[in-house]
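Each remark here refers to the structure printed beneath this line.
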There are 2 protein chains.
Amino acid sequence: MRDRPGLIHDTVAAIRPLDASAVAAAVARQDNLTKPRGSLGVLEDVSIQLAGLAGQCPPPLPEPAAVAVFAADHGVHAQGVTPWPQEVTAQMVANFLSGGAVINAIARQVGAEVVVVDVGVDAELDAVPGLLPRKIRRGTRDMTVEAAMTRAETVAAIEVGIDLARDLVVAGNRCLLSGDMGIANTTASAALIAVFTGASVAQVTGRGTGIDDAMLAHKVEVIEAALHRHRPTAADPVGALAAVGGLEHAALVGFLLGAAALRTPVILDGVIAAAAAVVATALAPESTAAMIAGHRSSEPGATHALAHLGLRPLVDLDLRLGEGSGAALSLGLVQSAARILREVATFDSAGVTDKITHSGGA
Amino acid sequence: MRDRPGLIHDTVAAIRPLDASAVAAAVARQDNLTKPRGSLGVLEDVSIQLAGLAGQCPPPLPEPAAVAVFAADHGVHAQGVTPWPQEVTAQMVANFLSGGAVINAIARQVGAEVVVVDVGVDAELDAVPGLLPRKIRRGTRDMTVEAAMTRAETVAAIEVGIDLARDLVVAGNRCLLSGDMGIANTTASAALIAVFTGASVAQVTGRGTGIDDAMLAHKVEVIEAALHRHRPTAADPVGALAAVGGLEHAALVGFLLGAAALRTPVILDGVIAAAAAVVATALAPESTAAMIAGHRSSEPGATHALAHLGLRPLVDLDLRLGEGSGAALSLGLVQSAARILREVATFDSAGVTDKITHSGGA
């Protein structure tokens, strides 16, 4: 485990809000493109955000893009919060690496690279191309018995994410996507979202990939017991992550902070990413400037977290898979938003009559 | 104008429902892919539809893809239903052909071809590469004064669409997308949707690209006057199209029927396509088997029409542009749905433990 005091602090300190002049230029440019004003809805907002993040209008195309799938296991699995055996985490990592998972298929379709990060899988994984060995420990501890991680482990996992964001940007990527794999990780997500949004555990706890009523009720009790034991608060984000988070959540927090510090757009996948995002914004409120909500997971905590973050999801198709699937599905929408601001003709340049008097009509 | 009695009849007669055995195979295959059952939500439904349409599981990838932008003018423009001057239709056609419009930018991003069809622009357009000259007449007549088209003109415009669907499939396209351009065409769309869904004119008439309250009230009155004059009914779809439709609506009806007859998926754009789709299903109820709703336009008639068709839109981002923009934005989602069914490993093949006992949880 590395010990680099200051990396998180320095990263947070580097995060700035959107560039106001680039935002203003993007707003003005959208209004001069050959289309009725406002007719591209949310895509206009995304294009303006991308310009403000890049500090230039039009913004660069957010490509190439890479999906980072952070994989880890969870001690709370022992409490029976999911019917899936824990070894599925390692099995799915192997599936990602052989290109056979859903995220691989979507990434091939949208032209994104997939990077798999072992930040805490409870198994010894073979060294294979495409797998980044960044294991902090073999799974978290059971949050109902003790803190899931020590503070040092949590910091180290956050640093894994910061480092990976930097490495991917240095390698030329101009858009990062969050992915995750970890049996039982919707339990840790719900705990974090309850702590950081103030919603009740019952409100933010969902069926994960489809548990029944009895297991859902038990899952709520398990989370409530953990929160009762540790009393985590949003005032100590690293402490809350350590108490009830996951290693992949901590790494994702770092990934989001790293992307924001490098002014690189980062597309959030589902509830795991949303949980990490509420922690990241507790550490650095301006980090939302870099975040785009790829989709709305059917997990209820995702909706609470996105509302807390003020983010509107781009895709809303009842997905509840994870892996980065919802983020990757939205990549083409994000890239189209930037391309429109870059490439569409203005009324003057195209010789199209502008109905300048008011707001449109066709 | 061509006269080919029987083309519409023959096309309608060739349309069949989804292939039941391919649908069953796709449902079973989705349940064996390495993911929790049902976790891909609407994408699973799309993949199953594509398999049933192709009659094989997994279905072929829906690519390459082509967007057909049908352009035409509207005599009802004289009634003041939009603040945009009519010449913008021809100006935007030139913009499409020079690659400067929003649909061009999105099509470049998603890898689709753009074909522009002059089915009734009220201007003499220069012959340039990429423009298909299929003008039936220079704009429709004013529906408040007389029928917008003769029956023969309507049939000819439908045939333009049937022919183009065939030509694009013969050229190798495996996914078709609807596009449209025509100042005042949301007026004809609302009229058609009112006739075919039974909703009131006020319910289905919207602000187009952004008209004010007074112009909206006037637009409703104009449409009500036209419907009062002609009394079109869903029992005579061609007659209703002739009375209050547009040349691009008629061509789109043919395009949708042609795609369905050729068992090629066709992605609907916004309210113009939705209006054409309700007419197409009045002629051939099984034609919905080929239709995918690309997005939900913010125009209220689109939502009424999609509900009537039983289609759930893939993208819902407050777009109200037309041109095929919403269809093109969804293309990557449709292609991802097919690719997942084709390429994702099964539990057995990937050595992943299946939680077979019930419905999931992670």
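With each label modelled as a point 7 angstrom along the Cα→C-beta vector, the A:Arg16-A:Glu146 pair spans 4.4 nm. A viscosity of 1.567 mPa s and a temperature of 4 °C, combined with the Kirkwood radius over Cα pairs in Stokes-Einstein, give a translational diffusion coefficient for the protein assembly as shown of 49 µm²/s. With respect to the axis relating copies B and A by rotation, the chain B residue whose beta carbon is closest, plus that distance in Å, is B:Gly332, 2. Based on the Stokes-Einstein relation at 25 °C and a viscosity of 0.890 mPa s, and on the Kirkwood radius from alpha carbon pairs, the range A:65-333 is assigned a translational diffusion coefficient of 140 µm²/s. To put it simply, the accessible area of the protein assembly as shown at a 1.4 Å probe is 53 percent carbon and sulfur. If the viscosity is 1.306 mPa s and the temperature 10 °C, what Stokes-Einstein diffusion coefficient in µm²/s follows for the range A:1-59 when Rh is the Kirkwood radius over Cα pairs? The Stokes-Einstein estimate is 121 µm²/s.
Here the range A:189-283 yields Rg over Rh of 0.99, to two decimals, using C-alpha coordinates and the Kirkwood radius. Starting from the label point of B:Ser98 at 7 Å along Cα→Cβ, the same points in the other copies fall at 5.4 nm, in ascending order. If R0 is taken as 45 Å, the Cβ-Cβ distance between B:Ala171 and A:Ser98 corresponds to a FRET efficiency of 0.80. For the range B:250-362, the extents of the C-alpha atoms along the principal axes are 52, 32, 24 Å, listed from largest to smallest.
The angle between the Cα long axis of helix A:213-230 and the longest principal axis of the Cα atoms of chain A comes to about 80 degrees, rounded to the nearest 10.
Distances between copies at A:Glu146, taken between label points 7 Å from Cα along the C-beta direction, are 9.0 nm in increasing order. Computed from protein heavy atoms with a 1.4 Å probe, the total accessible area buried between A and B is close to 5600 Å². Its relative contact order, with pairs defined as Cα atoms under 8 Å and 6+ residues apart, puts chain A at 24 percent.
Count charges around A:Gln86 for me, please; just the other residues with Cβ under 10 Å from its Cβ, Lys/Arg as +1, Asp/Glu as -1. Mind showing how you got there, number by number?
Details: positive: none; negative: A:Asp73, A:Glu87, A:Asp122.
Around A:Gln86, the surrounding residues sum to -3.
Summary of the geometry: the range A:102-158 and the range B:158-195, compared by the centres of their Cα atoms, lie 48 Å apart.
Where Lys and Arg each count +1 and Asp and Glu each count -1, what net charge lies around B:His230 among other residues with Cβ under 14 Å from its Cβ? Result for the local shell: 0. Taking chain A as a Gaussian network of alpha-carbon nodes connected by springs under 10 Å, the highest mean-square fluctuation of the residues A:Leu131, A:Leu257, A:Leu40 belongs to A:Leu40.
Considering only A:Leu252, A:Leu33, A:Leu192, the Gaussian network model of chain A with Cα springs below 10 Å gives its largest mean-square fluctuation to A:Leu33. The modelled label-to-label distance between A:Asp213 and B:Glu286, using points 7 Å beyond Cα along the C-beta direction, is 4.2 nm. The same position B:Ala20 in the other copies lies at 6.7 nm from this copy, comparing label points 7 Å beyond Cα toward the beta-carbon, shortest first. Contact with the other protein chains removes 50 Å² or more of accessible area, compared with the isolated chain and a 1.4 Å probe, from these residues of the range B:80-97: B:Pro83, B:Trp84, B:Gln91. Remark on the range B:174-211: accessible area falls by at least 50 square angstrom from chain-alone to full-complex state for B:Thr209, probe 1.4 angstrom.
Taking 20 Å as the cut-off for C-alpha to C-alpha distance, list the pairs among B:Lys35/B:Lys355; A:Lys35/A:Lys355; A:Lys35/B:Lys135; B:Lys135/B:Lys219 that go past it.
Numbers: B:Lys35/B:Lys355 10 Å; A:Lys35/A:Lys355 10 Å; A:Lys35/B:Lys135 24 Å; B:Lys135/B:Lys219 27 Å.
Beyond 20 Å between Cα atoms: A:Lys35/B:Lys135; B:Lys135/B:Lys219.
Principal-axis analysis of the Cα atoms of chain B puts helix B:325-343 at an angle of about 20° to the longest axis.
Where does the charge balance sit around B:Arg16 when Lys and Arg score +1, Asp and Glu -1, over other residues with C-beta under 14 Å from its C-beta? Within the 14 Å Cβ shell, the charges total -2. In the range B:1-152 the Cα-Cα distances spread across 10 Å bins starting at 0 as 9, 23, 25, 24, 15, 4, 0 percent of all pairs.
Can you give me the accessible area per residue for the range B:65-333, using a 1.4 Å probe, in Å²?
On the way: 7540 Å² over 269 residues.
Solvent-accessible surface per residue comes out at 28 Å².
Across B:Pro36, B:Pro300, B:Pro237, mean-square fluctuation computed from a Gaussian network of chain B (C-alpha pairs under 10 Å connected) peaks at B:Pro36. The distance between label points at B:Arg138 and A:Ala234 comes to 6.4 nm (points 7 Å beyond Cα on the Cα→Cβ vector).
The values are calculated or read from the model by the stated rules, or taken from the named source; none is laboratory data. Nothing here was measured: the structure is a model prediction, and the numbers come from that model. Every residue, glycine as well, gets a Cβ built from its backbone with ideal geometry; the counts of neighbours run over all protein chains shown. Calculation scope for accessible area: heavy atoms of the full protein, side chains included, ligands and nucleic acids excluded. Shrake-Rupley method; radii C 1.70, N 1.55, O 1.52, S 1.80 Å.
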